[in-house]
1. Can you pull out every residue in segment 11-58 that is surrounded by 11 or more Cβ atoms within 10 Å (Cβ to Cβ), acidic (Asp, Glu) and modelled with pLDDT under 90?
2. Can you give me the number of residues within segment 67-101 that are free of Cβ contacts under 8 Å to residues at least 24 places away in the same chain, surrounded by 14 or more Cβ atoms within 10 Å (Cβ to Cβ) and either polar (S, T, N, Q) or touching a Lys or Arg at 6+ places or on another chain (Cβ under 7 Å) (or both)?
3. Within segment 49-63, track down each residue that is of a type in the set (A, V, I, L, M, F, W, C) and either within 15 Å of the chain's Cα centre (by Cα) or assigned to a loop (DSSP other than H, G, I, E, B) (or both).
Amino acid sequence: MAVQPHPYAGDNNNPVDAVNNEILLLSGREVGALLEDQEIEILRVVRLAYEAHARHETALPCSILLRFPADDRNRVIALPAYLGNSFNIAGIKWISSFPNNQYWTAHEPSVGRNHTELTADRSA
């Protein structure tokens, strides 16, 4: 099966324009609205990303952990990545790990679940 180019590669309507150094910030609610009813497209694009990774067209350096002095429980984790080929995009995932903070679990269950719960779900 031939790999199709990413549908947004080279698209002038793409909300992130690296040439003009624009950054788009989205709230959890906005992300949820954008992804709603897009399961088939999400799976297709994720498959393309995994195929690009299998062809060594990605860069996934080690995680960077920010630990706080005198606080070994809480941390912020940075996960930078580059996805090449027709995607040609770089980004970073920030994970703030504050296990005692239950605000996100109660107020944004679709996108901001407690880190411990997410880890448990992924390990199940």
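1. Matches in segment 11-58: Asp17 only.
2. The total comes to 3.
3. Ala49, Ala59, Leu60, Cys62
The values are calculated or read from the model by the stated rules, or taken from the named source; none is laboratory data. Since this is a predicted model, take the numbers as computed values, not measurements. For neighbour counting, all protein chains shown are included, and Cβ atoms are generated from backbone atoms with ideal geometry for every residue, glycine included.
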